[in-house]
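Enquirer: Quick one: the structure is below, questions incoming.
The values are calculated or read from the model by the stated rules, or taken from the named source; none is laboratory data. Computed from a predicted structure; not experimentally measured. Cβ placement follows ideal geometry from the backbone for every residue including glycine, while neighbour counts extend to all protein chains displayed.
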Amino acid sequence: MFQDGLTVQIPMFYKLMASMLTVAVIPIFLLGIVSVGDTGSIVATLGLQNSIIVMTLLTVFVVFMWSFFLAKSITDPVEQLSQAATSASQGDLANVEITVTSNDEIGELAVAFNRLINSYRILDTLAKDDAE
């Protein structure tokens, strides 16, 4: 917390990335700790040390890319819904429409949100007709 009472919110995307990378990389470090024991001389004798380092770096890179795309696929629809809800709350019902791209829970939420906006449009039209 800062002096003026403001707090810093870490976006969900970065929280997901950090948690997925942590979960994926911990076993690699544990494997490195275990292999330092009796198998260290075997690895050195067989010349596998460079191969293990390359495979570890490749695994970390693949896990990072997978985490990035997974986190993006979760946070992008949520951000789109949030922006649409903000527009609707400011009275801009004409330009609010969520494109549904999935059949998961977020897709179901987007369908329900679109139905809600359509209902509000109908009510808004009826209210304007009654006012005239």
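Enquirer: Among the residues of the range 89-132, write down those that are of a type in the set (Val, Ile, Thr) and closer than 30 Å to Leu70 by Cα.
Expert: Matches in the range 89-132: Val96, Ile98, Thr99, Val100, Thr101, Ile106, Val111, Ile117.
Enquirer: Go through (1) over 22 Å from the mean Cα position of the chain (by Cα); (2) modelled with pLDDT of 85 or more; (3) exposed (fewer than 11 other Cβ atoms within 10 Å of the Cβ) and name the single condition Ile117 misses.
Expert: (3)
Enquirer: Here is a further query. Could you please find all residues in the range 73-92 being of a type in the set (S, T, N, Q) and closer than 14 Å to Leu16 by Cα?
Expert: Within the range 73-92, Ser73, Thr75 meet the criteria.
Enquirer: Still on this structure, I have one more. For the range 49-70, which residues satisfy the criterion of being among the polar types (S, T, N, Q) and within 9 Å of Ala24 (Cβ to Cβ)?
Expert: Thr59, Ser67 - these are the residues of the range 49-70 that are among the polar types (S, T, N, Q) and within 9 Å of Ala24 (Cβ to Cβ).
Enquirer: Please go through the range 38-95 and pick out each residue that is at pLDDT 85 or above and not in a helix (DSSP H, G or I).
Expert: Within the range 38-95, just Gln90 meets the criteria.
Enquirer: Looking at the range 78-93, which of its residues are surrounded by fewer than 12 Cβ atoms within 10 Å (Cβ to Cβ) and among the small types (Gly, Ala, Ser)?
Expert: Ser82, Ser89, Gly91 - these are the residues of the range 78-93 that are surrounded by fewer than 12 Cβ atoms within 10 Å (Cβ to Cβ) and among the small types (Gly, Ala, Ser).
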